[in-house]
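The structure appears below as structure tokens.
Values quoted throughout were computed directly from the atomic coordinates according to the rules given, and no laboratory measurement underlies them. Note that the structure is a prediction, hence the values are computed from the model and not measured. Note: ideal-geometry Cβ built from the backbone for every residue, glycine included; neighbour counts use all protein chains shown.
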Amino acid sequence: MGGFFGVVSREDCVCDLFYGTDYHSHLGTKRGGLAVMDDSGRISRRIHDISNAQFRSKFDDDISKFVGKAGVGIISDYEDQPLVIVSKFGTYAIATVGKINNIAELAAEAFKCDCAHFSESSNGELNPTEVIATLLNHKENIIDGIRYAQERIDGSASILILINGKLYAARDRYGRTPVILGEKSGAYAVTMETTALPNLGYRLKHELGPGEIVEVTANNIIQKRPADETMKICSFFWVYYGFPSSCYEGINTETARYRNGETMAANDKDMLDEVDSVCGIPDSGVPHAIGYANAAGKPYRRSFVKYTPTWSRSFMPQNQAMRSLTARMKLIPVQEQIAGKRLLFCDDSIVRGTQLKDTVVHLYELGAKSVHMRSACPPLLFGCKFLNFSRSRSELDLAARRAIARLERRELTDDLIREYLVYGSDKYNRMVEEIRKELNLTTLKFQKLENLLDSFGVPHEKVCTFCWNGLDVDDEQVKK
């Protein structure tokens, strides 16, 4: 997915920018970038491959070369960022987080003027940030350009721009990704994770609303466009993406996960005698499991530990062979907590199920008597259109879709898929049982959507649930 961080300060900002960006490392695995503007207006930029090394190690040698009071940084899952653009607005650095589904169409429109070109690409794909920069140029000022770009994009885009010693920060139209302002004496920061603020001395100032745009200088924050009413923040910030100490819409991630685990345990009262211990799949499954264990009155045990010295928390590689290797190498079993035990695991979600299937096989090889699995969210049935949660080639990569395909033995339509959405219905139960058999689990349950949303503590209608029920903003308005 990715995460950005920006600073404007009366003093040198490089240290804050470096560590603030680093605090977003759990949101991406491929590229890391920093851009700093000095007092003369010159922008210095560095981008490094971080797929095989941590962000800090790649930028240690660069930090002493940066000098400036304003900068932007980003951790990205795919493309090079931030980009430095020379435009009619002046020279600026831009970083974006989101997804553009109609990127080919937007590029084709740009080519019609006979003077457009795109220089940035990765694996043969256009760089979305460069396409957004091209859209900005359609308007006479940056604020109108940002709004125009967001309106033209099918998908989502939160944007951070460094120009003339100031920052422009824009949250995407429906607030799918958080954009948060921090302040301290003589400086302001823009972040996607509140985790980045306290250790750098910043206090939470303001969380941008959907579509809100602000101008940030070292002296003040000026709202350039007010927030829209419709909010659809991505639910996976609380389920999986978000760092435990971060808050979104005032709700702490760790606390929400504890509450979610508690409700899962409440639905398991009839089978708790069949469980010896509760375990979490590191890292984001752990707080769900702690909440479950506390509510169930069962001991929490670490049956797996992650080898953190070299396998820090990160998204999995896109290549299936590398995903399998990564999953196996970074999680080390604690055999004494497995052999002869009846284990219940909580995981944040079941996406493809490939790693989980291998894990279950390994657990039985180590002597587990039974393996129960609880997914902290409902079955994933629709590929995300708004964030790069997964780049699966087909929605049939999703374990729940594969199960329905085996049951139906015909082409899957969205209407057919929705017949399996009703929690506890015959078709829903058949789907879950099919997944359970594929993964060789003793029992399998998914969290009920209403219970999950309750655990967040924000109004249900403000949360995006597309990956579970296929409903977008327009679909929900029609439904009403």
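The table for this structure:
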read-out	value
Cα-projected label distance for residue 118 with residue 415, points at 7 Å along beta-carbon direction, nm	3.5
Proxy reagent accessibility, fewest Cβ within 10 Å first, across 113, 384, 279	113, 384, 279
Segment residue 454-residue 473, length gained on full extension (0.36 nm per residue, minus Cα span)	4.9 nm
In sequence order, calculated HN-Hα J values of region 340-351 (Karplus, 6.51, -1.76, 1.60; Hz; x Gly/Pro)	x, 9, 9, 9, 10, 9, 10, 10, 5, 6, 10, 9
Selection from 134, 110, 89 lying farthest towards where the dipole of region 89-180 points positive, charges on Cβ	89
Spin-label model distance (nm) - residue 87 vs residue 369, 7 Å beyond Cα toward Cβ	6.4
Residues residue 266 and residue 440, FRET efficiency given R0 of 35 Å [Cβ-Cβ distance, rounded to 0.05]	0.85
Given 88/112; 269/462; 99/232; 112/166, the pairs whose alpha carbons are separated by over 26 Å	269/462; 112/166
Extreme residue, positive dipole direction of the chain, given options 295, 181, 235 (C-beta unit charges)	295
Local electrostatic count at residue 18 - Lys and Arg +1, Asp and Glu -1, tallied over other residues with Cβ under 13 Å	-2
³J(HN,Hα) computed for each position of region 182-196 - Karplus, 6.51 cos²θ - 1.76 cosθ + 1.60, integer Hz, glycine/proline x	x, 9, 8, 4, x, 7, 10, 10, 10, 9, 9, 10, 5, 3, 6
Neighbour cut-off at most 15 other Cβ (10 Å), DSSP loop, GluC sites (Glu not before Pro), region 212-286	229
Within region 374-425, GluC sites (Glu not before Pro) in DSSP loop having at most 12 other beta-carbon neighbours inside 10 Å	411
Cβ-placed point charges (K, R +1; D, E -1), dipole of the chain about Cα centre in debye, nearest 20	840
Amide proton proximity set for residue 345, modelled H, under 5 Å, gap of 5+	279, 372, 373, 374
Virtual spin-label span in nm between residue 12 and residue 154, 7 Å along Cα→Cβ	4.8
